[in-house]
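One structure below.
Taken together, the values in this text are just the output of simple stated rules run on the coordinates, not laboratory data. The structure displayed is predicted, hence computed values, not measured ones. No Cβ is skipped: glycine too gets one built from the backbone with ideal geometry, and neighbour counts run over all protein chains shown.
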Amino acid sequence: MKWLILIVGIASNASASVLVKMAMMPPRKFPSPSDPLGALSNLPFWLGLLLYGVAFLLYAAALARLPLNVAHPVLTAGAVATVAVFSYVVFREPFYWTTIVGILLVIAGVALITVRVG
């Protein structure tokens, strides 16, 4: 159950990032001095904000079940890797071989941090 909480937290965090990116793309509006209420119709922004809140609550729930030095690296690295994949799939942003190597190194680093030896 504790790992499921982290996985859903990662998905929530990464999805929130994608939605906020979508919220910043035309023709959507973001608050400006000339149109402060324009952001009210920016649904991806509000959904992204909601999902960041859900991700935070799931992170807190994971901390109740896992040590901080496990939960935080897994959630953070998982979100970084997931956002990199989402940015390619959703926005067709470049996905270089260095991105793949970086994701693998992050995963290896988190595995080394979280493994229990001794």
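Phi angles of the stretch 33-48 translate, via the Karplus equation with coefficients 6.51, -1.76, 1.60 and θ = phi - 60°, into HN-Hα couplings of x, 7, 9, x, 8, x, 6, 4, 8, 8, 4, x, 4, 5, 5, x Hz per residue; Gly and Pro are given as x. Using only Cα positions of the stretch 19-60, each an equal point scatterer, no hydration layer, compute I(q)/I(0) via Debye at q = 0.15 Å⁻¹ and quote the log10 values to two decimals. Per q value, in the given order, log10 I(q)/I(0) is -0.40. About its Cα centre, the dipole of the chain is roughly 160 debye, where the only charges are +1 on Lys and Arg Cβ and -1 on Asp and Glu Cβ. Please list the non-local residues whose amide H lies under 5 Å from the amide H of F95, H modeled 1.01 Å from N, same-chain partners needing a gap of 5 or more. Excluding prolines and chain starts, which carry no amide H, there are no hits.
Put simply, the convex hull of the Cα atoms in the stretch 33-118 casts, on average, a shadow of 8.4 nm².
Model label points for L40 and M24, set 7 angstrom from Cα along the Cα-to-Cβ axis, are 2.5 nm apart.
Ranking S34, L66, T76 by how far each Cα lies toward the positive end of the dipole of the chain (charges on Cβ) leaves L66 at the top.
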